[in-house]
1. Looking at the range 96-110, can you tell me whether even one residue there is crowded, with 16+ Cβ neighbours inside 10 Å, assigned to a helix (DSSP H, G or I) and either in contact with a Ser or Thr (Cβ under 9 Å, 6 or more places away or on another chain) or in contact (Cβ under 8 Å) with a residue 12 or more places away in the chain (or both)?
2. Quick one: how many residues across the range 61-95 are in a loop (DSSP other than H, G, I, E, B) and closer than 27 Å to Gly3 by Cα?
3. Hey, can you tell me all the residues within the range 40-82 that are of a type in the set (Phe, Trp, Tyr) and in contact (Cβ under 8 Å) with a residue 60 or more places away in the chain?
4. Does Val18 satisfy the condition of being hydrophobic (A, V, I, L, M, F, W, C) and crowded, with 19+ Cβ neighbours inside 10 Å?
5. Consider the range 96-118. How many of its residues are over 12 Å from the mean Cα position of the chain (by Cα) and either within 13 Å of Leu6 (Cα to Cα) or at pLDDT 95 or above (or both)?
Amino acid sequence: MQGKHLFEYAVIRIVPRVEREEFLNVGVILYCKDQKFLQAVYTLDEDKLRMLAPGTDLNEVKAYLCAFELICKGGKEGGPIALLEPALRFRWLTATRSTVLQTSKVHGGFSGNAADTLQRLHAQLVL
C-alpha cells in the first residue's frame, strides 16, 4: 500500500441522557501519525438534538465541541491536554467516558490524504 498511511478515527457523539444510551452523531476525529494529522470536524443539527432531548443546553454542547476542536489543534488555548503530543491527545479524546460528549470505539484504515478521509467520513457518518 505504497502512498497509504495508517489512520485512526472515532465518531463524536452527543449523549444528552447517558442513562438512556441514545446519541446523535455530530462529528469525526481522525489521527494519522505519518501525516502529522489530528483534526476533528463536526456538524451540530440543533433541531435533531432538540427532538432527541428537549431542554438540552445547546450552548454547553457547543462549548464542549469547541474544546474538543481546540485540543485537536494543540496549543495553550486548549488547556493542558492540548499541550501533549498528538497521539496522546487523540487517546485522551477517544477514551471511554460517561458524559454528554463521547466517542465511538476507535477504528482504523489506510489513506493517502488524511484531510480528505476526514471529510469523507464526516459526510458518511454524520451528514
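1. The answer is no; no qualifying residue exists.
2. Step one: list which residues in the range 61-95 are in a loop (DSSP other than H, G, I, E, B), which gives 74-75, 79, 84-85, 94-95.
If we keep only those that are closer than 27 Å to Gly3 by Cα as well, we get 74, 85, 94.
Looking only at that region, the number is 3.
3. Start the filter on the range 40-82 by keeping residues that are of a type in the set (Phe, Trp, Tyr), which leaves 42, 64, 68.
Listed by number, the list holds a single entry, Tyr42.
4. no
5. Step one: list which residues in the range 96-118 are over 12 Å from the mean Cα position of the chain (by Cα), which gives 96-100, 107-117.
Among the residues that remain, those that are also either within 13 Å of Leu6 (Cα to Cα) or at pLDDT 95 or above (or both) are: 107-117.
Here the count works out to 11.
The values are calculated or read from the model by the stated rules, or taken from the named source; none is laboratory data. These numbers were taken from a predicted model, which means no experiment stands behind them. We place every Cβ from the backbone using ideal geometry, glycine too, and count neighbours over all the protein chains shown.
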